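K.L.:
Here's a structure for you.
Just so it is clear, none of the values below were taken in a lab; they were calculated from the coordinates. Being a predicted model, the structure only gives us computed values, none of them experimental. All Cβ positions, glycine included, derive from the backbone under ideal geometry; neighbour counts span all protein chains shown.
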Ligand SMILES: Nc1ncnc2c1ncn2[C@@H]1O[C@H](COP(=O)(O)OP(=O)(O)OP(=O)(O)O)[C@@H](O)[C@H]1O
Ligand SMILES: [Mg+2]
């Protein structure tokens, strides 16, 4: 087992973070004896569970709501009980599937700042990841969760971009923020939705000028779009789909 224990999948909005995380899950869940945890860290939409065809009964936000309720309404005994059982409730919120577990952050009820939700997410990642060999976090788009140190204990930062300069600039900003606020050991750029070898080489050159280390590229894949259109889970993707093959190669380079 390598030291890659916590992987954060970050990047610009709509770049393909959730799709790449799901494809990684499809590959990694076949690794013998690897205890895999997926975290859907997007507070605006629990997309990861949905594209994996899973139903989430309880989110981290539901748990936070219960804690707040007991803290404001419960008696001393109930409060003590809640504190003692927090880890238990955290495990109870996991959705179990073949080869992995998943925790969804969920959407905060009240509008405004996501700070308390993000703080709980950070604690949950740090507590739960100790019980798994690998934890992959599908982050919210942009810099917020890096800024807020949600993934401060990440070992490997994967930044997903589409083949655009805007995507690369966001990747660069994320890397710089992560340099300040996290303890990552390795960073790798995944360039998604590549449509031709010429496009790949052009964007790889651009990445090099920003000193962004390219871990791999993933092609635009109509297998993904078809499943998307039909609302089918990505787990139904054919094993020889070009995007899955590309993600398999990326996972090999992670030396799991
Ligand atoms: N390689 C690909 N080939 C074809 N379609 C893709 C590919 N990667 C992503 N998509 C499509 O692009 C859209 C955005 O992907 P996804 O939801 O994974 O992005 P995201 O970065 O997680 O977005 P958000 O910032 O909203 O969380 C989806 O409709 C997805 O099906
Ligand atoms: Mg997403």
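K.L.:
Please go through (1) within 16 Å of ligand 2 (Cβ to nearest atom); (2) part of a helix (DSSP H, G or I); (3) surrounded by fewer than 21 Cβ atoms within 10 Å (Cβ to Cβ) for residue 19 and return the number of the only condition it doesn't satisfy.
P.N.:
(3)
K.L.:
Now for a separate question. Which of (1) more than 18 Å from the chain's Cα centre (by Cα); (2) more than 16 Å from ligand 2 (Cβ to nearest atom) is the odd one out, the single condition residue 227 does not satisfy?
P.N.:
(2)
K.L.:
For the stretch 52-99, which residues satisfy the criterion of being within 30 Å of residue 237 (Cα to Cα) and surrounded by fewer than 12 Cβ atoms within 10 Å (Cβ to Cβ)?
P.N.:
Within the stretch 52-99, 55, 57, 92, 96, 98 meet the criteria.
K.L.:
For the stretch 174-187, enumerate the residues that are in contact (Cβ under 8 Å) with a residue 12 or more places away in the chain and more than 15 Å from ligand 1 (Cβ to nearest atom).
P.N.:
175, 177, 178, 181, 182, 183, 184, 185, 186, 187
K.L.:
Testing residue 80 on (1) touching a strand residue (DSSP E or B) at 6+ places or on another chain (Cβ under 6 Å); (2) over 30 Å from residue 203 (Cβ atoms), one condition comes back false. Which one is that?
P.N.:
Result: residue 80 fails condition (1) only.
K.L.:
Could I ask something else about it? Within the stretch 110-158, which residues are in a strand (DSSP E or B) and within 16 Å of ligand 1 (Cβ to nearest atom)?
P.N.:
Hits for the stretch 110-158 are 136, 137, 138, 139, 157, 158.
K.L.:
Go over the candidates 38, 48 one by one and state the one that is crowded, with 18+ Cβ neighbours inside 10 Å, within 14 Å of ligand 1 (Cβ to nearest atom) and in a strand (DSSP E or B).
P.N.:
38
K.L.:
Could you pull out the residue among 194, 204, 190 that is closer than 20 Å to residue 248 by Cβ, touching a strand residue (DSSP E or B) at 6+ places or on another chain (Cβ under 9 Å) and within 16 Å of ligand 2 (Cβ to nearest atom)?
P.N.:
190
K.L.:
Select from the stretch 230-241 the residues that are loosely packed, with under 13 Cβ neighbours inside 10 Å and assigned to a loop (DSSP other than H, G, I, E, B) and write down the one among them that is farthest from ligand 2 (Cβ to nearest atom).
P.N.:
Taking the candidates together, the pick is 240.
K.L.:
Name the residue, out of 190, 250, that is within 16 Å of ligand 1 (Cβ to nearest atom), in a helix (DSSP H, G or I), in contact with a helix residue (DSSP H, G or I) (Cβ under 8 Å, 6 or more places away or on another chain) and in contact (Cβ under 8 Å) with a residue 40 or more places away in the chain. Full working, then the answer.
P.N.:
Details: 190 fails: in a helix (DSSP H, G or I).
The unique qualifying residue is 250.
K.L.:
Next question. Among the candidates 244, 168, single out the residue that is assigned to a helix (DSSP H, G or I), within 28 Å of residue 94 (Cα to Cα), more than 16 Å from ligand 2 (Cβ to nearest atom) and touching a helix residue (DSSP H, G or I) at 6+ places or on another chain (Cβ under 8 Å).
P.N.:
Working: 168 fails: within 28 Å of residue 94 (Cα to Cα).
Unique residue meeting the criteria: 244.
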